[in-house]
Amino acid sequence: MSDQILSFDEAMEKYDPVLGFEVHVELNTRTKMFSSAPNVFGDEPNTNVNEVDLGLPGVLPVVNKTAVESSIKIGLALGCKIADKSHFARKNYFYPDTPKNFQTSQYDEPIAYDGSIDIELEDGTVFTVAIERAHMEEDAGKLTHMGGATGRIQGAEFSLVDYNRAGVPLVEIVTKPIEGAGRRAPELAKAYVAAIREIVKNLGVSDARMERGNVRCDANVSLRPHGQERFGIRSETKNVNSLRAVEHAVRYEIQRHAAVLDSGEPVVQETRHWHEDTRSTTAGRPKSDADDYRYFPEPDLVPVVASREWVEELRAQLPEPPAERRKRLKEAWGYSDLEFRDVVNAGVLDEIEETIAAGTTAAVARKWWMGEIARRAKLAEVDPADLGVSPQTIVDLNRLIESGKINDKLAREVLDGVLAGEGTPAEVVDKRGLAVVSDDGALLEAIDAALAAQPDVADKIRGGKVQAIGAIVGGVMKATKGQADAGRVRELILERLGV
Amino acid sequence: MSELIKNSAAVLAAKLAAGEVSAVEVTQAHLDRIADVDGDVNAFLHVNTEEALAVAAGVDKSRAAGEQLHALAGVPIAVKDLIVTVGQPTTAGSKILEGWHSPYDATVVKKLRAARMPILGKTNLDEFAMGSSTEHSAFGPTRNPWDLDRIPGGSGGGSAAAVAAFEAPLALGTDTGGSIRQPGAVTGTVGVKPTYGGVSRYGAIAMASSLDQIGPVSRSVLDSALLHEVIGGHDPFDSTSLPDPVGSLVEAAKRGDVKGLRIGVVKELGGEGYQPGVQARFAEALELLRGAGAEIVEVSCPNFEHALGAYYLIMPSEASSNLAKFDGVRYGLRVLPEDGPMTIERVMGATRAAGFGDEVKRRIILGTYALSAGYYDAYYGSAQKVRTLIQRDFDAAFAQADVLISPTAPTTAFKLGEKLDDPLAMYLNDVATIPANMAGVPGLSLPGGLAEEDGLPVGVQLLAPAREDARLYRVGAVLESLLEEKWGGPLLAQAPVLGGSR
Amino acid sequence: MAEINREDVVHLARLAHIDMGDAELDRMAGELAVIVDAVKAVSAVAGDDVPATSHPIPLSNVFREDVVGHTLTAEQALSGAPDSEDGRFKVPAILDEE
Ligand SMILES: [Mg+2]
Ligand SMILES: [Zn+2]
């Protein structure tokens, strides 16, 4: 039984959406939040755990200093205030992926609060999103539901629990209610999560891979009739874990809420589950008294006191914010708006910057990263950055071309060799014998043979029909397997024929 | 019965060092004693015969080879079954953990192993240390060696009784509201709750994290000091562990001096509600200390009146959360619901219903209540404020006195079953010991003699400021020697003979 | 302040995941009422100006360096498990939740 929805346009005619996001970011520390077990993705189940992660009787937590520093950095990058003193609390609820049946989190005193970030939309408009807080907590283990048809909770006969992820450090970033986005709400949602992902990646504190769950979004949506001050009742769509899904989920919820409101029914305050296959949400658990989490200060941990010196030391380590950096690079490189956006979307900003730094022009770097490398990446279905082409390779290739040693066509073959592990571009040229034939003697031999093979063409050229030269050039290129410089060949033919 | 078992740990250590006895002999003597009397006392839930003898044999070998050994190497010890140990079951006195083996050692157990002290076994306790009589153990009560029809105190009745019955010269206890000191008082033994954070809690199954503390159980003040130095000190696995070094406690116990020391009698911990025999022995102790040159002053700690109430909000609150992990998923008991759908929720509910005893359930429900929405401020929050007031009372009292003194418990050992159906009456046993846990200050209980009306042991409690545990040993050693001089030997020499040689 | 009643105990037992039959609920409600009555005075002792103490000995910034320590093997991790499969803990179905 699927929910009624209104068309997006109709929903927008009647209602204003109010959004709110809780984004969980998994930190890429070497160890877990409260134990020294490794924080590693993808290993055999229950091998990256020690007694603390399993919540065995008698264990105690100890806070990972790097996780705290990463959290402060995130807070600073979000323009937050860093709390002089923050502490951990226990959020009590029973669930088999939570080894202690409480989550150690921060409650009334988070490490960072009161921030804001500017979100740039596709058309360049900037939307400021206010950040309520960013707090530290620990991730849960991973449940796999078995026996059901779909691997979903519903219909499963039993579940298997792997606690490798239990205790991985998380920072939960919570926005204040976001008003005034109007019909751009879905776009803003996507852009917000993309911005958070970019910020934490740029800080180096998270791998920020959404497909691995490094960045996970809970999206809150409510509607209110135009002109109404009071917020409507919200739904919280849990674990929307790709940028596209965030956009779609917000759009869907707006349409669903609108239909509910139109019908005169109240919106139910509940969690919703996102389904990528049907691009829709279904009802989860309604808010109930089982949500009484009985928070209290974690007695096994002591407060985190962030001195000014410490915070300033961390602030000094922050990289340039992504938005500012983009602005700076665009100007420095002289790309057009469109060129620059394409580069950003291709995710090769770092690569182009490094390539330029390695000794080439912005134009050449773009030509390679957006051209040949992008083409290969698309074929291989990987990100261009993951193809394994180093900035130095591009610089080397470009030098070989400029010196006339190879041409563009040969350069592609040289790249094949580099990627096949045959060495630097120069080494590949040597090994494969790919250099352009620039020895006039060798060329003249080929030219004479070509002229002899096509005497009628030679006569035409002598007679002034210079445009017929292509056939001779083609013959020479064929004879030299493309390794000749076509321009030089042309010159030599004309010389030979005395034209 | 080997006379060896009557020796204190200090004397055993000296005999071992001198080569007069072997560690195997000492360990075997205690194992024999356990075999003789523990059928009556039920102090042990598990006896660790093979490993204890192997450790002892190793010590003897090392000593023969001239290796440098810890002073207590080869001196056996019993461990409260709330503390996890590799190679032995750890049950916390609960059916929910019956048969569970920890894959890791508690920090204090690692320290015992490093000192090469043979671990004789695991001692009985109230389930999850919740009780004052050891009657709440899922594995039957421990009996008081002074009178087998009476309770040995709790929750560490097993450790206290084991030491009182000469089954072990030393034991480890845990003290959340008096669970080391009150059993010490009612069994005529010594028990110390160190400053909070002075001994690592890592591996002690938590009841109330902000109150729990592991400490020594022994038959003499010096022996407790010796053990305290083994187990104390900073532990990076416990975030609440103090960075301070453990200090010279043995030295303090040996020096034993009260001249010019101000000893504060806490007005609120005495008088009404305290058994006459307890009051009489306590008054006698004061006279002895005065005679030895101490200045006895009276101090008032008005907020101690609220300590018990605040304790019974904080302790169950933290316990309700600490005990949530026992759910039948990762370890321990799993009970399937008898009918209805087989969901994990229902398995958890059935497991916890079957695995926990009444007192544990009472405290979990009480704690769940105190933390629940709408009640937090009134209960848990208010209790934490009372805690501040109690700390202020201590601060004021310690401005007037170097150590404080009181009876350890209001009564001597009561009969098994007497208070089992009256939780409130049971809770009152801890009225004098709880303030120390609330404030984190150290406390020591030592035997003060026998109450005239029932001939049972009375405990005297000393309290010192946080991190000043040495003062307890310094004063305790003096009082102990004055009393023993008066009795003509240790109090336990007057205890009835147990077991095979009865 | 509200006294604890049987309804409350039903709710609390559910929150605490402890199944209780009718007789047990009745008994528990009676016992808890007595205890709550005995401790409720605590809520009136301290004024707003008194700060809460959650740690008896105040410490702060107790951290661990981000260095990998020991782990258990999957076998050790599962050694106490009531049920397991494929290196993971096995639990009955999770319905009506999440
Ligand atoms: Mg959330
Ligand atoms: Zn969270």
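The values are calculated or read from the model by the stated rules, or taken from the named source; none is laboratory data. Note that this is a predicted model, so its numbers are computed, not measured. FYI the Cβ positions are ideal-geometry reconstructions off the backbone, even for glycines, and counts take in every protein chain you see. Calculation scope for accessible area: heavy atoms of the full protein, side chains included, ligands and nucleic acids excluded. Shrake-Rupley method; radii C 1.70, N 1.55, O 1.52, S 1.80 Å.
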In segment B:283-324, accessible area falls by at least 20 Å² from chain alone to full assembly (1.4 Å probe) for B:His306, B:Gly309, B:Leu313, B:Glu318, B:Ser321, B:Asn322, B:Ala324
On the accessible surface of the protein assembly as shown, probed at 1.4 Å with all protein chains in place, carbon and sulfur together account for a percent value of 49 percent
Expressed per residue, the solvent accessible area of segment B:1-91 in Å² (1.4 Å probe) is about 39 Å²
Summed over the other residues with a beta carbon less than 12 angstrom from that of A:Glu413, with K and R at +1 and D and E at -1, the charge totals +1
Within 10 Å of the Cβ of an average residue in B:204-215, the count of other chain Cβ atoms is 3
Once both label points are put 7 Å beyond Cα along the C-beta direction, the B:Ala396-B:Asp40 separation in nm becomes 4.9 nm
iface B-A | buried accessible area, total | probe 1.4 Å | Å², round 100 | 2700 Å²
Computed over segment A:8-314, protein heavy atoms only, probe 1.4 angstrom, the accessible area per residue in square angstrom equals 37 Å²
1/(1 + (r/R0)^6) with r = Cβ-Cβ of C:Asp48 and A:Val305, R0 = 25 Å, i.e. FRET efficiency to nearest 0.05, evaluates to 0.55
Those residues in segment A:24-55 that give up at least 30 Å² of accessible surface, probe 1.4 Å, once the partner protein chains are present instead of the chain by itself are A:Arg30, A:Thr31, A:Ser36, A:Pro38, A:Pro45, A:Asn46, A:Thr47, A:Val49, A:Asn50, A:Glu51, A:Leu54
Going through A:Lys367/A:Lys460; A:Lys176/A:Lys238; A:Lys85/A:Lys327 one by one, the pairs whose alpha carbons sit over 29 Å apart turn out to be A:Lys367/A:Lys460; A:Lys85/A:Lys327
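Roughly how much accessible area, to the nearest 100 Å², goes out of reach of solvent when A and C pair up, both sides summed, probe 1.4 Å?
The contact between C and A buries close to 4000 Å².
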At the level of C-alpha centres, the distance separating segment A:219-298 and segment B:4-77, in angstrom, is 66 Å
So, for the Cα atoms of segment B:1-159, Rg and Dmax in Å stand at 15.9, 48
Simple SL model, points at 7 angstrom along Cα→Cβ for B:Ala18 and A:Arg212; separation in nm is 6.6 nm
Helix A:243-262 sits off the longest principal axis of the Cα atoms of chain A, rounded to the nearest 10 on a 0 to 90 degree scale, by 50 degrees
Rounded to whole Å², per residue accessible area for segment B:355-502 with a 1.4 Å probe reads 30 Å²
Once both label points are put 7 Å beyond Cα along the C-beta direction, the A:Ala357-A:Val344 separation in nm becomes 2.1 nm
Computed D for chain B, Stokes-Einstein, Kirkwood radius over alpha-carbon pairs, 10 °C, 1.306 mPa s, to the nearest µm² per second, is 71 µm²/s
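Mean Kyte-Doolittle hydropathy of -1.0 or higher plus an axial Cα length of 24 Å or more: which whole DSSP H helices in chain B meet both? Show your work: numbers first, answer last.
Numbers: long enough: B:23-41 (26 Å, 0.04); B:382-400 (28 Å, -0.35); B:469-487 (27 Å, -0.16).
Long hydrophobic helices here: B:23-41, B:382-400, B:469-487.
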Once the in-chain neighbours fewer than 8 apart are removed, the lysines whose Cα is under 16 Å from B:Lys385 read C:Lys40
Cross-link reach from A:Lys481 to lysines, straight Cα distance under 21 Å and at least 8 residues apart if same chain, gives A:Lys405, A:Lys409, A:Lys431
FRET efficiency (C:Asp26, A:Phe231; Cβ distance; R0 30 Å; to 0.05) is 0.10
Taking R0 as 22 Å and r as the Cβ-Cβ distance between B:Arg255 and B:His234, the FRET efficiency 1/(1 + (r/R0)^6), rounded to the nearest 0.05, comes to 0.35
Note: A:Glu445 to A:Glu265 extended length (0.36 nm per residue) minus current alpha-carbon separation gives 55.9 nm
quick shape note, chain A: Cα extents on principal axes in Å, largest first -> 98, 55, 52
Binned at 5 Å from zero, the C-alpha pair distances of segment A:440-496 give percents of 4, 22, 39, 23, 10, 2
Tilt, helix A:322-333 to longest principal axis of chain A (alpha-carbon atoms), in degrees rounded to tens, equals 20 degrees
Output for the protein assembly as shown (equivalent-ellipsoid semi-axes, sqrt of 5λ from the C-alpha gyration tensor, Å, descending) is 72, 35, 26
Asked for the total accessible area buried by B and C (1.4 Å probe, Å², nearest 100), one would answer 4900 Å²
Segment B:413-438 and segment A:159-185 have their Cα centres apart by a whole-number Å value of 47 Å
Excluding residues fewer than 8 positions from B:Lys259 in its own chain, the aspartates and glutamates with Cα under 13 Å of it are B:Glu295, B:Asp402
Rounded to the nearest Å, the spacing of the alpha-carbon centers of segment C:51-98 and segment B:156-228 is 28 Å
